[in-house]
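For reference, the structure is listed below as structure tokens.
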Amino acid sequence: MSVVLNVQGLEKSFGAVVAAHDINVTIEEGETVGVIGANGAGKTTFVNMVTGYLEPSAGAIEFMGRDIRGRSVRQITRLGLCRSFQVPQVFLSESVFDNLMICFGIAERDGLGLLGALMRSDRGDRVDRHLARYQIADYRDVAASALPQGVRKLLDISMATVRKPKLLMLDEPTSGISAEEKFGIMDILMQALKEEETTVLFIEHDMEIVERYVSRVLAFSQGEIICDAPTEQAMVDPLVQEYVIGKEYHRARSGDGSGNGAGEGEAG
Amino acid sequence: MDSQLLVIILIDGLVYASYLFMVSVGLTVICGVQKILNVTHGALYAFGAYLTATLLIVYFEAGWPQFGAFFVMLVSAIFLGIVLGVIIERGLLKHLYHEDEHIVVLATFAAFLVLEDVLLLIWGTDAYIAAEPLMLLGQTDIAELPFDNYSLSMVLLSAVVCVILWYGLRRTTFGKMLLAVIYDRELSQAMGINVTKVFLLTFIVGSFLGALGGAYQAPAISVQPGIGVEVIVLAFAVVVIGGMGSIPGALIGSLVVGIARAAAVHMEPVLELFVIYMIMAFVLIVRPQGLFAPAKPRKI
Amino acid sequence: MKHVKGRAAVLLASVASVALIATAASAQTLKIAVPTFLTGGSAPAFGIPAKNGVELILKGINEGTLPAPYNSVGLAGRKAEPLFYDEMGGGTKQVTELRNKAQKEKVDMIVGYISSGTCAAVARVAEEVKLLTIMTVCGTPRVFEELVKEPKYVFRTVAHGTGNNTGAAHYAAKMLKDELKDGYIGLNQNYAWGQDSWRDFNLAMGEIAPDVKPAKKQQFPKLFSGQYGSEISALLRAKQKVVHSSFWGGDLEAFLAQGTARGLFKRKTFIFTVGETVAYRLGKKFPSGQLVGTRGPYGIYAVGIDTPLNNWFQKNYREIYKEPPSQPSYQYAQGVLAAKYAYDKAMKDNGGKFPTTDQVIAALRGATFTSIAGTVEMALSHGHQAITEDRWGLTAYDEEKGELVVKDVLVLGAKCVNPPDGVESVPWLKGGMKGAKCG
Amino acid sequence: MTKYMDRTTWALTIGLVLLIVVNFFVPEWFRSILLLSLARGSVALGLLVLWRCGLISFGHALFYGFGAYTVALIVKYLGITDAFFTIACGVVVAGGLAWMLGFLLRRYRGIFFALLNLAFSMILYGVLAKLESLGSTDGISLERTTFLWYAPEGAANKFALFIFAAILTWGVALAVHHYLRSTLGYMTTAVRENEIRLEFLGYSAERAIHVKYTISGLVGGFGGAIAAMTIGHVDPDSMAYWPISGDFVFIAILSGTGNVGAPFIGALIYELIRTYAFDQFPEIWQLIMGGTLLLIVMFLPNGLWSLVDRWSKRRTGRDRLEAEREKA
């Protein structure tokens, strides 16, 4: 199992606010890592720095053995490290099909470079297959602006996986989605990612989602990693309970044990 | 560079700067509040000059007291500010506020073409000269060079306008409402500010200032077709240099261009043609939002 | 969607045919297209006086009331109808308009053009569309020296710019000796006419008064800028007493107002090479003792000339338009007279039949004809470019006549201020004005 | 989507054939109007490419002027009047200038982009009006255009120029059409909608804009070169002054961004309105132009082509309804 991402001694502060201090993370191929932490704990900053959107003050970031610190966003994306967004960043006036056509067009920079015709039928088929995998095929000709939130989230994530990335970072994939749909969306997502054998790291507030889908947990607080362990171990870790999950949830959970998401002490 | 030349360049620069300020301050106010670059501003300047010149000719033939001329200028500027302000704002701009910036600028360009011909229809093609007020205030010698008090009074006028605007914006409730609308139109609407009324009143004030610029210039120039076109690009340049909608920016922008042009004329006249556009391009490159407007971070 | 383009083409063809039918109607009267400035900064100074000049002279021609030798009715017997259109819009617009007049409205000739830019743009096109074009005011020598070296259809019945500035140099050297002690300086608008005027004047002064030195830096404000505070300060600071300027129209009026307010004209003597139209209109307000040029015996310089045609023109013009005729009124009227002279002569030359355009051209080429206040000799560029005498003098306000007049007038012969045939103006000036016959 | 593609190619080809056929019947003055419409249409096409990603330039007379002046200067100083050579130089020079300015302009959006273009075009105007070697405000006149060995006289010259210009403009329109359908071209809406997403898809929005700006400069220079040959004279007031840029934006708004053929029809309509207004109402022709533009901006903001689209959408809308009815 080769190392996909290796981050050593990452530092970042905005004036007095310390957004990241001495972050050390190693992620291996095939892992599904959950990133949890209170608001402002430095989760999104971490993702922004790894994906090149934010320049870290210090530290090294290695992706697939190559140093990508200081590289531009598009270079890192081309290397296979992609991300989705908390607020879906899609082309609202275009249909779902066109959105993905543009992504495929750029990803498949064919012979003529980017000057080859975009609307090629074989590329159309690949888009349809990709839509089917994310089960949003029947929204094919609907404009992105008219999509329900869940579908728009899936579109955003599907756009990030067009390049078959080696490492995919998702920023709260289920935020803004109703409780009923939440698990449905996550099942579709995890199923698709397993098929593409993509290593995944995603920021999540909902502990049920974390427990159900994540094999390893990174807990952030005040810009530091306070726990890096498999999910069960992290859930009972005293530091995590105090700074991230909060005590009440722990009691309620051990009570009914069914994890049906009704816990009142939910953090964040 | 002896000191006498420096003083003269400063004086010439101040006079030209006050001309630029008077020509662009109205545009700045409108641009700040309604976020549009109003090309009809040139027509307002021309209307101000034409109406004042015609009234002054009649006024001086009737032999009324000389110093009444300044009153005539003020009245014609106010009249035009209200009449044209309402026609343009209510007639045209009201329907376009939801459009994006360049569509609105183009609409004002079209309105300018219409107003230019309306000028022709009303005043015809002959030139109107009413230079009496120019002689009224006499001359003063500065650095052994005669300067006419009328152009020096231009500096005074722009200073007065500047103070009134500053006071109006900072100290009066209407001014506060104006500032709120400048920074965030939706928010001020949510707080109960009648934005449409603020827009109309701002446009009237802006039109009045444009017409006043024309009115005060009328005695010093020959008022005839085509004076509006020249003023537009000058006003745009000053607004861009100063920062969209920032009145101190327009003042500093005018001073920068005014003094630079005066220096060019005295030392290297060939450059005079380019000075203003060079500065405009330079500022747009270095500080695109202009010298004074706050830089807006890109939100993701 | 495919046939949208097709439908548009059908529409165009129908529009074109309608236009063609409309032009066939009036064949009897001659149609003279007259481009002049109806809008913009040049309208009050040049455009409208020029229009008035053509209207007046054509009224006289059509009624046959002009004094001899132009007392016959119409041009070769046919009445003529002027078609005025606006010279605004730059070279592209005027080239398109010229083509429309020649091919769509099928006019018989063009008499007009004020701006040098327009003349430079239309010269070649007039030859291409084979339309008799009589240029009346524009002064750039490049028309026949660079653009149309073998002219057939294009004529210019007014002397070109060189004569204007050479005449000014002659007058200044002779009559402004003491003012010229400290040399001279230039204030010209920053466009072709301004640049050419300064160049010609500077070269002429170098020949006529080599010891008089120009200032190191000349003022070239933007055309139509209207704000001359800095320029006036620069002129006041300069030691030179004589200022050469080709300002005209609105810019000149603004400059005069701002200059008078600062007593500029008490300290300097200005040579306004084309300032006559403005001087006339400002009358009492125009500073006295300045030089004013008209590029020939026109306007203020023609007032004293006692010829039947000039008296008729002055009397009628003042009656109808309530102001004295200025330089463009004379120059445009002179263009129409040239056409009448050519048509009448061509008809006489081939037995009283109405002449073809080629016959009219042959009659006009190289001709010498009496104009309103002087004689015009089509002496240069194969007989297509006119030369006329040039008059210069100092302005003064005549109280009883209530009008501006000129005194200390110096008449400079046509051959003295214009280059001989076949010699281009700038080389002629640089080469010491060889062949100039001055009194 | 694919069916739509070759319909435009067909429409352009039919348009070309029509133009060549019309060329045999049309009177001389009308041929000049058509030629000028091709020239101005090309510049409006350049604006269309930019406009689709939300950028409007108030200074495109810069490239129009550069194209025209390059041709004029080559004719004047090198004495080469061959159309193919001069037009190529005009396009390359204007494109080169656009490429250079692109490094700077690609960072700006909205009104700043518009005004920076205006500033550069006014600097060019100042240079052209000032330098006597460039003919100052009188401008420069061109010799008759020649086509390789063929040097037609008088009316035949314009006839040949028209065919030459029609074919080349057809080629330019097709090239731009192909570009707009390519991946890079399709990014226009992506650039306007969401530049961040584009970065995260692996392409820089700024480079996309840079390519678009260069293309609009090339096409602008092409239009300028055609205009110079048609008119036979170039001068700053009709080639680089700011109302000229205003005219191009007018044409672009008039035609809309629907199709690459629209700007040429828009330019022709603009020229017809202007010629008609100038002849029939010489005193108020500007008022008519201003009034027309106002009507368009108020009632038809995305141009005449939006009528065609609305008309065709209604048709395709009906097809879809019928399809559903059959299926049900």
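Of these, C:MET135, C:MET175, which one is crowded, with 24+ Cβ neighbours inside 10 Å and touching a residue at least 60 places away in the same chain (Cβ under 8 Å)?
C:MET135
On the basis of being more than 10 Å from every other protein chain (Cβ to nearest Cβ) and more than 19 Å from B:LEU115 (Cα to Cα), does B:ILE247 make the cut?
yes
Can D:GLY135 be described as at the interface with another protein chain (Cβ under 8 Å from one of its Cβ atoms) and on the phi > 0 side of the Ramachandran plot?
yes
Residues in region B:63-76: is at least one touching a residue at least 60 places away in the same chain (Cβ under 8 Å) and within 13 Å of another protein chain (Cβ to nearest Cβ)?
Looking through region B:63-76, none of the residues is touching a residue at least 60 places away in the same chain (Cβ under 8 Å) and within 13 Å of another protein chain (Cβ to nearest Cβ).
Of all strands (runs of 3 or more DSSP E) completely enclosed by region C:19-135, which ones contain at least 2 residues that are of a type in the set (Phe, Trp, Tyr) and over 15 Å from the mean Cα position of the chain (by Cα)? Talk me through it step by step, then tell me what you get.
Values: elements: C:30-36, C:80-86, C:109-112, C:132-135.
Answer list for region C:19-135: C:80-86.
Could you tell me which residue of region D:56-78 is surrounded by the most Cβ atoms within 10 Å (Cβ to Cβ), considering only residues that are more than 14 Å from chain B (Cβ to nearest Cβ) and of a type in the set (Val, Ile, Thr)?
D:VAL71
If we scan region D:140-154, do we find a residue that is part of a helix (DSSP H, G or I), aromatic (Phe, Trp, Tyr) and away from chain A (no Cβ under 14 Å)?
no
Please go through region D:179-202 and give me each residue that is at pLDDT 85 or above, within 17 Å of A:LEU100 (Cβ to Cβ) and aromatic (Phe, Trp, Tyr), ordered by number.
Hit for region D:179-202 is D:PHE200, nothing else.
Here are some residues: C:PHE224, C:PHE270, C:PHE255, C:PHE265. Which one is in contact with a Leu (Cβ under 9 Å, 6 or more places away or on another chain) and either more than 18 Å from C:ASP182 (Cβ to Cβ) or free of Cβ contacts under 8 Å to residues at least 12 places away in the same chain (or both)?
C:PHE255
Within region A:77-102, count every residue that is under 18 Å from the mean Cα position of the chain (by Cα), of a type in the set (Val, Ile, Thr) and more than 9 Å from chain D (Cβ to nearest Cβ). Steps first, please.
So in region A:77-102, the residues under 18 Å from the mean Cα position of the chain (by Cα) come out as A:77-90.
With the extra rule that they be of a type in the set (Val, Ile, Thr), the set shrinks to A:77, A:87, A:90.
Checking the rest, the ones that are also more than 9 Å from chain D (Cβ to nearest Cβ) come to A:87.
Within region A:77-102, residues that are under 18 Å from the mean Cα position of the chain (by Cα), of a type in the set (Val, Ile, Thr) and more than 9 Å from chain D (Cβ to nearest Cβ) number 1.
Each row is one residue, and each column tells you yes or no for (1) β-branched (Val, Ile, Thr); (2) at positive phi.
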residue	(1), (2)
A:ILE27	yes, no
A:TYR53	no, no
A:GLY65	no, yes
A:GLY80	no, yes
A:SER84	no, no
A:SER95	no, no
A:ASP98	no, no
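Within 14 Å of another protein chain (Cβ to nearest Cβ), within 22 Å of C:LEU256 (Cα to Cα) and either part of a helix (DSSP H, G or I) or touching a Ser or Thr at 6+ places or on another chain (Cβ under 8 Å) (or both) - does that describe any residue in region C:205-224?
Yes, some residue in region C:205-224 is within 14 Å of another protein chain (Cβ to nearest Cβ), within 22 Å of C:LEU256 (Cα to Cα) and either part of a helix (DSSP H, G or I) or touching a Ser or Thr at 6+ places or on another chain (Cβ under 8 Å) (or both).
Filter region D:266-291 for residues that are among the β-branched types (Val, Ile, Thr) and farther than 20 Å from B:LEU115 by Cα; which is farthest from the other protein chains (Cβ to nearest Cβ)?
Residue satisfying both the conditions and the ranking: D:ILE269.
Identify all residues within region B:49-99 that are of a type in the set (Asp, Glu) and either loosely packed, with under 14 Cβ neighbours inside 10 Å or part of a helix (DSSP H, G or I) (or both); write none if there are none. Break it down into steps so the answer makes sense when it comes.
First pass over region B:49-99, keeping only residues of a type in the set (Asp, Glu): B:61, B:89, B:99.
Matches in region B:49-99: B:GLU61, B:GLU89.
If D:GLU195 satisfies every condition in (1) more than 7 Å from every other protein chain (Cβ to nearest Cβ); (2) within 20 Å of the chain's Cα centre (by Cα) but one, which is the exception?
Status for D:GLU195: all satisfied but (2).
Could you figure out which of (1) within 13 Å of another protein chain (Cβ to nearest Cβ); (2) surrounded by fewer than 24 Cβ atoms within 10 Å (Cβ to Cβ); (3) over 25 Å from the mean Cα position of the chain (by Cα) isn't true of C:ASN190?
All conditions pass for C:ASN190, except number (3).
Being modelled with pLDDT under 85, assigned to a helix (DSSP H, G or I), under 22 Å from the mean Cα position of the chain (by Cα) and closer than 30 Å to C:GLU97 by Cα is true for just one of D:ASP279, D:ASP247, D:ASP237, D:ASP309. Which residue is that?
Matching residue, one of D:ASP279, D:ASP247, D:ASP237, D:ASP309: D:ASP237.
Among the residues of region C:243-268, what is the count of those that are more than 7 Å from every other protein chain (Cβ to nearest Cβ) and closer than 26 Å to C:CYS138 by Cα?
Matching residues across region C:243-268 total 11.
So which of C:GLU127, C:GLU105 ends up being more than 7 Å from chain D (Cβ to nearest Cβ), more than 19 Å from C:THR157 (Cβ to Cβ) and surrounded by fewer than 24 Cβ atoms within 10 Å (Cβ to Cβ)?
Only one candidate passes the filter, namely C:GLU105.
For region A:144-246, please list each of the helices (runs of 4 or more DSSP H) lying entirely inside it that holds at least 2 residues being in the same structural domain as A:CYS103 (by TED's automatic domain parsing) and within 18 Å of A:GLN86 (Cα to Cα).
Helices (runs of 4 or more DSSP H) meeting the threshold: A:149-160.
Which condition number does A:GLY105 fail, the rest of (1) under 30 Å from A:ASP206 (Cα atoms); (2) within 12 Å of another protein chain (Cβ to nearest Cβ) being met?
(1)
Take region C:273-300 and flag every residue that is assigned to a helix (DSSP H, G or I) and in the same structural domain as C:LYS407 (by TED's automatic domain parsing). Working first, answer last.
Filtering region C:273-300 down to residues assigned to a helix (DSSP H, G or I) leaves C:276-285, C:299-300.
Of everything in region C:273-300, those that are assigned to a helix (DSSP H, G or I) and in the same structural domain as C:LYS407 (by TED's automatic domain parsing) turn out to be C:GLU276, C:THR277, C:VAL278, C:ALA279, C:TYR280, C:ARG281, C:LEU282, C:GLY283, C:LYS284, C:LYS285.
The values are calculated or read from the model by the stated rules, or taken from the named source; none is laboratory data. What you see is a predicted model, and the numbers here were worked out from it, not measured in a lab. No Cβ is skipped: glycine too gets one built from the backbone with ideal geometry, and neighbour counts run over all protein chains shown.
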